[in-house]
Structures are given as C-alpha cells and as structure tokens.
Amino acid sequence: QVQLVESGGGLVQAGGSLRLSCAASGRTFSSYTMGWFRQAPGKERAFLAAISRGGASTYYTDSVKGRFTISRDNAKNTVYLQMNSLKPEDTAVYYCAAVSRWRESRPDQYEYWGQGTQVTVSS
C-alpha cells in the first residue's frame, strides 16, 4: 500500500504561484503513475495532471496546460505541482493520487489518495 500526504496549499492572490508537494510512503513509489486532481465546492473531482513512473512523460488537462507543471523526485518519494498564474477559479482542494498505469484521468481509476490540501486564490 501507498500513503500520500499533500502539502503546500494556502492563500495566494490572483496571478501568484504555489508549489504543492505530495510525499509518498513505501519503497515502490517509482512503480506508480502519479496524478493531481482538484475538487471545488459543488463540483466533481477533476483531473489536472499526471506523470509517468520515471517522470519522462506528463499529461495535462487543457485548463491548466501552460500554467501548471507536474514533476517528481523518486529519490525523495515526492511528486510536485508547480502552479503559476493562478486564477480565482483554481480555488479548490487539491489531491494527489497513485495508479499502476499511465495516463489515467478518471478519479475512480486511481488506487491511492492523499487527504488533500486547500488552495484559495483571491481576486
């Protein structure tokens, strides 16, 4: 099993930046594709980005492409989401998740989830 813990959320002004981190337990972190999702009040949990096991491939939803960057450091068992040019509509709880496949974008396809970290973007 994998345990995931997100951190780095907070309050930022529109146009600002945040970097989220997701720390994973265990010794098989590099066996998993890692994804980031977010859920705003009253909305479905939405896919943001995924990164392959070795970090060579990334995949983004159109709404964050060019603004957000996913990366990973397998030596540290950590995946990151760098968020730039933040907008008020980015306000949500952000979750990281793990799956033993590549390029999954549906929440139900992911096997392990962190507890989430709140990101609030003020106008």
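The values are calculated or read from the model by the stated rules, or taken from the named source; none is laboratory data. None of these values were measured; they are calculated from a predicted model. Every residue, glycine as well, gets a Cβ built from its backbone with ideal geometry; the counts of neighbours run over all protein chains shown. Heads up: the accessible areas ignore ligands, DNA and RNA and are worked out on the full protein's heavy atoms, side chains in. Shrake-Rupley method; radii C 1.70, N 1.55, O 1.52, S 1.80 Å.
What to note about this one:
- Filter result for G42 (in contact with a helix residue (DSSP H, G or I) (Cβ under 8 Å, 6 or more places away or on another chain), free of Cβ contacts under 8 Å to residues at least 40 places away in the same chain and open to solvent by 30 Å² or more (accessible area, probe 1.4 Å)): no
- Annotation: of all residues in region 69-100 being without any contact (Cβ under 8 Å) to a residue 24 or more places away in the chain and in contact with a strand residue (DSSP E or B) (Cβ under 7 Å, 6 or more places away or on another chain), the one that is surrounded by the fewest Cβ atoms within 10 Å (Cβ to Cβ) is S71.
- Taking the listed residues G66, G26, the one that is open to solvent by 20 Å² or more (accessible area, probe 1.4 Å), free of Cβ contacts under 8 Å to residues at least 60 places away in the same chain and closer than 16 Å to Y112 by Cα is G26, with no other qualifying.
- Residue under evaluation L20, criteria (1) in contact with a Leu (Cβ under 7 Å, 6 or more places away or on another chain); (2) more than 15 Å from T117 (Cα to Cα), criterion not met: (2)
- Residue check for R103: touching a residue at least 24 places away in the same chain (Cβ under 8 Å), charged (D, E, K, R), farther than 16 Å from L18 by Cβ and in contact with a helix residue (DSSP H, G or I) (Cβ under 9 Å, 6 or more places away or on another chain): no
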